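Asker: The structure's right below; bear with me while I get my questions together.
The values are calculated or read from the model by the stated rules, or taken from the named source; none is laboratory data. Everything numeric in this text was worked out from a predicted model, so none of it was measured. Quick reminder, even Gly has a Cβ in these numbers, built from the backbone with ideal geometry, and neighbours come from all protein chains shown.
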Amino acid sequence: MEAWLEWARGPAFVFAFTFMVLGLVRHVVLTFAEMYRTMRRAGDKSLAYSKILVTTIKWLVPVGKIRNEVLYSVTSILFHIAILIVPVFLGGHIVLWARGLGLSWPGIPNEVADVLAIVAIVTAVALVVQRVSARPTRTLSRFQDYALPLLIAVPFVTGFLVMHPAMNPFSYEAVLLVHVMSANLIFVLMPITKLSHAAFMPSVQFVSELGWKWPADSGTRVAVALRKEEEPV
Amino acid sequence: MADTKRKYSFYVEEKAHEVQDRPRKFLEAFAAVLEHSSYGLALDVFSRVSAKCGLCAASCQLYQTTGEDRDIPCHRSELLLRVYRRYFTRSGAIKDRFTNGFVLTDEYLDEMAEAVYRCTACRRCKNNCPMGIDHGLLTHLARWLLAEVGVIPKALVVAVRAQLEGVGNTSAIPPKALVDTCEFLEEELEEIYHVKVKFPFDVEGAEYVFFPAVSDYLLEPDTLMGNAAVMHVTGGSWTIGTKNFDGINYGLFYSDRIMERIVKNVVTEVNRLKGKKVLVGECGHATRCAWAIPTFCGPDAPPVVNFLQYTHEQLMKGKIPLKEQLIEERVTYHDPCNIARTGRITEEPREILKAICKDFVEMVPNRAQNYCCGGGGGLVSIDEIREFRTNLMGKRKADQIRATGAKYLVAPCANCKKQLKEVCEDNDLEDVKVIGLHDLLLRVIDFGTDASTSDEESSGVQADQSDIAQEGGT
């Protein structure tokens, strides 16, 4: 068990985390490159930058959007807050970073982390329940849509148990192994599933707008490519 | 008969049924579009980030009414994204081969065709998508690709044929008839308002070259008289080109190829007349297409002004004298999606209306969050789906109109007007009059002539006798 845990915290973590970072950076770089290319080719080079930026910020902090669908939005926002804050600002995690890379930043009190972990678990389950119970989402959902929230809940459940050995009915090492490995799995899945929206979010509103920024004469060029330039309507 | 072969809820031309090998042709068109246009980035990002959260369903007026799975915007978009992933991304090709063996079939294209013409491309769902997925863009693209394999609603393609290969406009109005119509409108203006207003033709060097929805010349003469009257009192330099006087562009609804040709024809006419700006009449999609002029023609293209913007500017400058007696009846405003969804024209019409109406009320929701009239995306031109348009698409809108209690529903868009009239007819809202903004404005412009008696007969040429009697009684 010790050896497995060492492996999970060592090479497996390094691989998964690097895979995530490189994968997400690749998404960002390629997206920006393509955005640049689209604008360079566009016939109309005007873009409502400030307006799109405002929309982007409104969706990154979507408090104003809650009224659209109150229950779902509140659940989703709480879920995101919890899963973003706890892993990054947990004291125990910061210690690990300090030990490994010498990096350190202020953390949150463990009591707050406890509350947020519970919020993460409850909202993850609630998201799946809402997904199953609403007709549109039930129709739309793929396997990953159900699996990802539940998978994301795993490191929070195990992390909570690790932090509270008195409540933990299982072996400390086993739970810690599941904790680290489930997190590693999430890291690997980040760039290759819808979780990649973490990297795309700041650019999606621009991308959306750029979808309409076609090159000058693009219609004619398509016609030529399809040998339809002489074709009657 | 066509009915035996009828696959879709809309008519297509006979020759559309004879297209062979559609999946291959669809993919060839897709490949050409990806290479020569700029949809690739959006398709790639949308297919990665789509979270399937269902918020689009909650914001779609069609889904709210039908509750059918196929009417969920995200579901419709997935029809196209799936083809993109399978045939144009490596990971998608591998994944589909291993997991489900998806291949593009004729039946799949038929499903897509039905789905994308059950959407008005109003893009309300886009505003409510956390991932910024523009389902309207995907509907737009899917329709283009389907058009390349022959699936185009007959109503749209027939109009475009008249515009590009026939008389030169979608309503097939010969230039001579146009001039006659405008002379008739000049006489009407003189008779009712005692003012000599000119519809200027082919004036070289005018500041504005006017492109209304050409159907206005047949269906909305009051709007045009209002337009001309505003130009008259403000001393605007404008002209109507006899070679091309149609702002309608159905290319927006089914093909960028067509859209580009029509847009370029507009620019050609402006250049022929040495005009400076494109002035679009009260028409949402025509305005949006005109805004696409630089997209297709580059940055040197003439600037575009919507008539609402022109009138608003002149009114704020005090160039449009108003009578003391304003519009008494309750008035509400419908935001045409094509000008309001991105927030580009929302306040100008409201400020005009507030200046000319005593009882202006807002419809809820409004502006960028408005509901489509139900006839957007060219659907209004497809007569055979009226039942769908007015009952399924238009039901929510009808409720919203009813809630305002307004007598006049102002919709500065030819398509919205036609659709909303039908929505009102089919939803027991006969008392509501759907009207253009300039129709109302015309009634309160003070021409400084002896027009004191004109108030009661101001419903114009379109009103029939009973209308005039009714208005006279109020």
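Asker: Restricting attention to segment A:137-148, does a residue exist that is of a type in the set (Ser, Thr, Tyr), buried (at least 20 other Cβ atoms within 10 Å of the Cβ) and either over 17 Å from A:Ala82 (Cβ atoms) or within 14 Å of chain B (Cβ to nearest Cβ) (or both)?
Answerer: There is at least one residue in segment A:137-148 that is of a type in the set (Ser, Thr, Tyr), buried (at least 20 other Cβ atoms within 10 Å of the Cβ) and either over 17 Å from A:Ala82 (Cβ atoms) or within 14 Å of chain B (Cβ to nearest Cβ) (or both).
Asker: At least 3 residues that are at pLDDT below 95 in each: list the helices (runs of 4 or more DSSP H) lying fully within segment B:364-474 that qualify. Walk me through it before giving the result.
Answerer: Values: elements: B:395-404, B:414-426, B:437-444, B:465-473.
Result: B:465-473.
Asker: If I filter segment B:57-76 for residues that are of a type in the set (A, V, I, L, M), in a helix (DSSP H, G or I), out of contact with any Lys or Arg (no Cβ under 6 Å at 6 or more places or on another chain) and at the interface with another protein chain (Cβ under 7 Å from one of its Cβ atoms), do I get at least one hit? It would help to see each step written out before you state the result.
Answerer: Taking segment B:57-76 as the starting set, the residues that turn out to be of a type in the set (A, V, I, L, M) are B:57-58, B:62, B:72.
Narrowing the set further to residues that are in a helix (DSSP H, G or I) leaves B:57-58, B:62.
Now narrow it down to the ones that are out of contact with any Lys or Arg (no Cβ under 6 Å at 6 or more places or on another chain): B:57-58, B:62.
Checking which are at the interface with another protein chain (Cβ under 7 Å from one of its Cβ atoms) leaves us with B:57-58.
The answer is yes; a qualifying residue exists.
Asker: Search segment B:149-161 for residues being over 21 Å from B:Asp21 (Cα atoms) and aliphatic (A, V, I, L, M), and hand back the single one that is farthest from the other protein chains (Cβ to nearest Cβ).
Answerer: Looking at the filtered set, the residue picked out is B:Ala155.
Asker: I'm checking my understanding of the structure. Among residues of segment B:138-177 that are part of a helix (DSSP H, G or I) and of a type in the set (S, T, N, Q), which one is farthest from B:Leu34 (Cα to Cα)?
Answerer: Taking segment B:138-177 first, the residues part of a helix (DSSP H, G or I) are B:138-148, B:154-165, B:175-177.
Next cut, of a type in the set (S, T, N, Q) only: B:139, B:163.
Details: B:Thr139: 15, B:Gln163: 28 Å.
Here the answer is B:Gln163.
Asker: Given the residues B:Leu164, B:Leu138, B:Leu146, which is the only one that is surrounded by 20 or more Cβ atoms within 10 Å (Cβ to Cβ) and within 11 Å of another protein chain (Cβ to nearest Cβ)? Write out each step before concluding.
Answerer: On the way: B:Leu164 fails: surrounded by 20 or more Cβ atoms within 10 Å (Cβ to Cβ); B:Leu146 fails: within 11 Å of another protein chain (Cβ to nearest Cβ).
Exactly one of B:Leu164, B:Leu138, B:Leu146 is surrounded by 20 or more Cβ atoms within 10 Å (Cβ to Cβ) and within 11 Å of another protein chain (Cβ to nearest Cβ), namely B:Leu138.
Asker: Can I ask one more? Taking segment B:1-35 as the region of interest, how many residues are within 21 Å of A:Trp214 (Cβ to Cβ) and within 11 Å of chain A (Cβ to nearest Cβ)?
Answerer: Applying the first criterion (within 21 Å of A:Trp214 (Cβ to Cβ)) to segment B:1-35 yields B:26-35.
This time we only want the ones that are within 11 Å of chain A (Cβ to nearest Cβ), so: B:28-35.
Count: 8.
Asker: Answer with yes or no whether B:Ala142 is modelled with pLDDT of 95 or more, closer than 30 Å to A:Lys58 by Cα and within 21 Å of the chain's Cα centre (by Cα).
Answerer: On the way: modelled with pLDDT of 95 or more: yes; closer than 30 Å to A:Lys58 by Cα: yes; within 21 Å of the chain's Cα centre (by Cα): yes.
Yes; evaluated as a whole, the condition is true for this residue.
Asker: Got a sec? Which of A:Ile66, A:Ile81 is away from chain B (no Cβ under 12 Å), part of a helix (DSSP H, G or I) and either in contact with an Asp or Glu (Cβ under 9 Å, 6 or more places away or on another chain) or free of Cβ contacts under 8 Å to residues at least 40 places away in the same chain (or both)?
Answerer: Details: A:Ile66 fails: away from chain B (no Cβ under 12 Å).
Selected residue: A:Ile81, the only one of A:Ile66, A:Ile81 that is away from chain B (no Cβ under 12 Å), part of a helix (DSSP H, G or I) and either in contact with an Asp or Glu (Cβ under 9 Å, 6 or more places away or on another chain) or free of Cβ contacts under 8 Å to residues at least 40 places away in the same chain (or both).
Asker: Please give the number of the condition A:Thr38 fails out of (1) under 20 Å from the mean Cα position of the chain (by Cα); (2) touching a residue at least 24 places away in the same chain (Cβ under 8 Å).
Answerer: Answer for A:Thr38: the failing condition is (1).
Asker: If you scan segment B:275-291, which residues turn out to be without any contact (Cβ under 8 Å) to a residue 60 or more places away in the chain, buried (at least 24 other Cβ atoms within 10 Å of the Cβ) and within 14 Å of chain A (Cβ to nearest Cβ)?
Answerer: From segment B:275-291, those without any contact (Cβ under 8 Å) to a residue 60 or more places away in the chain are B:287-289, B:291; that's our starting set.
Then keep just the ones that are buried (at least 24 other Cβ atoms within 10 Å of the Cβ); that gives B:287, B:289.
Of everything in segment B:275-291, just one residue is without any contact (Cβ under 8 Å) to a residue 60 or more places away in the chain, buried (at least 24 other Cβ atoms within 10 Å of the Cβ) and within 14 Å of chain A (Cβ to nearest Cβ), namely B:Cys289.
Asker: In segment A:196-221, which residues are of a type in the set (A, V, I, L, M) and more than 7 Å from chain B (Cβ to nearest Cβ)?
Answerer: A:Ala198, A:Ala199, A:Met201
Asker: For the structure I just gave you, tell me whether B:Thr105 is more than 10 Å from chain A (Cβ to nearest Cβ), more than 21 Å from B:Glu387 (Cβ to Cβ) and at pLDDT 95 or above. Talk me through it step by step, then tell me what you get.
Answerer: Working: more than 10 Å from chain A (Cβ to nearest Cβ): yes; more than 21 Å from B:Glu387 (Cβ to Cβ): yes; at pLDDT 95 or above: yes.
Spelling it out, B:Thr105 is indeed more than 10 Å from chain A (Cβ to nearest Cβ), more than 21 Å from B:Glu387 (Cβ to Cβ) and at pLDDT 95 or above.
Asker: How many of the residues making up segment B:275-302 are within 29 Å of B:Gln419 (Cα to Cα) and in a loop (DSSP other than H, G, I, E, B)?
Answerer: 4
Asker: Only residues that are more than 30 Å from A:Tyr146 (Cα to Cα), touching a residue at least 24 places away in the same chain (Cβ under 8 Å), aliphatic (A, V, I, L, M) and not in a loop (DSSP other than H, G, I, E, B): list them for segment B:11-56, please.
Answerer: Hits for segment B:11-56 are B:Val12, B:Ala16, B:Leu27, B:Ala29, B:Ala31, B:Val33, B:Leu34.
Asker: Is at least one residue of segment A:35-46 part of a helix (DSSP H, G or I) and of a type in the set (Gly, Ala, Ser)?
Answerer: First, the residues of segment A:35-46 that are part of a helix (DSSP H, G or I): A:35-41.
Remaining after also requiring of a type in the set (Gly, Ala, Ser): none.
No: segment A:35-46 contains no residue that is part of a helix (DSSP H, G or I) and of a type in the set (Gly, Ala, Ser).
Asker: Take the residues in segment B:36-53 that are within 7 Å of chain A (Cβ to nearest Cβ) and polar (S, T, N, Q); name whichever of them is nearest to A:Ser203 (Cα to Cα).
Answerer: This residue is B:Ser50.
Asker: Among the helices (runs of 4 or more DSSP H) lying completely within segment B:303-362, list those that include at least 2 residues that are without any contact (Cβ under 8 Å) to a residue 40 or more places away in the chain.
Answerer: Working: elements: B:307-316, B:337-340, B:347-356.
Here the list reads B:307-316, B:347-356.
Asker: Here's another thing I want to ask about it. Only one of these is loosely packed, with under 13 Cβ neighbours inside 10 Å and modelled with pLDDT under 95: A:Leu22, A:Leu101. Name it. Outline the logic, then answer.
Answerer: On the way: A:Leu22 fails: modelled with pLDDT under 95.
The unique qualifying residue is A:Leu101.
Asker: Now for a different question. Please pick out the residue among B:Glu362, B:Glu282 that is acidic (Asp, Glu) and in contact with a His (Cβ under 8 Å, 6 or more places away or on another chain). Quick ask: steps written out before the conclusion?
Answerer: Values: B:Glu362 fails: in contact with a His (Cβ under 8 Å, 6 or more places away or on another chain).
Going through B:Glu362, B:Glu282 in turn, just one is acidic (Asp, Glu) and in contact with a His (Cβ under 8 Å, 6 or more places away or on another chain): B:Glu282.
Asker: Still on this structure, I have one more. Filter segment B:103-120 down to the residues that are part of a loop (DSSP other than H, G, I, E, B) and buried (at least 17 other Cβ atoms within 10 Å of the Cβ), then identify the one that is nearest to the chain's Cα centre (by Cα).
Answerer: Within segment B:103-120, the first condition is being part of a loop (DSSP other than H, G, I, E, B), and the residues that meet it are B:103-105, B:117-120.
Keeping just the survivors that are buried (at least 17 other Cβ atoms within 10 Å of the Cβ) gives B:104, B:117-120.
Working: B:Leu104: 32, B:Tyr117: 15, B:Arg118: 16, B:Cys119: 14, B:Thr120: 10 Å.
Step by step, filter segment B:103-120, then rank; the result is B:Thr120.
Asker: Scanning for something within 17 Å of B:Pro349 (Cα to Cα) and of a type in the set (Val, Ile, Thr), does segment B:278-294 turn up at least one residue?
Answerer: So far as segment B:278-294 goes, yes, one or more of its residues are within 17 Å of B:Pro349 (Cα to Cα) and of a type in the set (Val, Ile, Thr).
Asker: Could you look through segment B:249-274, keep only residues that are assigned to a loop (DSSP other than H, G, I, E, B) and buried (at least 24 other Cβ atoms within 10 Å of the Cβ), and pick out the one that is nearest to the other protein chains (Cβ to nearest Cβ)?
Answerer: Residues of segment B:249-274 that are assigned to a loop (DSSP other than H, G, I, E, B), as a first pass: B:249-250, B:255, B:273-274.
From what's left, buried (at least 24 other Cβ atoms within 10 Å of the Cβ): B:249-250, B:255.
Details: B:Asn249: 12, B:Tyr250: 10, B:Ser255: 8 Å.
Going through the qualifying residues, I end up with B:Ser255.
Asker: Checking the conditions here, which among B:Pro321, B:Pro303 is over 19 Å from B:Thr170 (Cβ atoms) and within 12 Å of another protein chain (Cβ to nearest Cβ)?
Answerer: Values: B:Pro321 fails: within 12 Å of another protein chain (Cβ to nearest Cβ).
It is B:Pro303.
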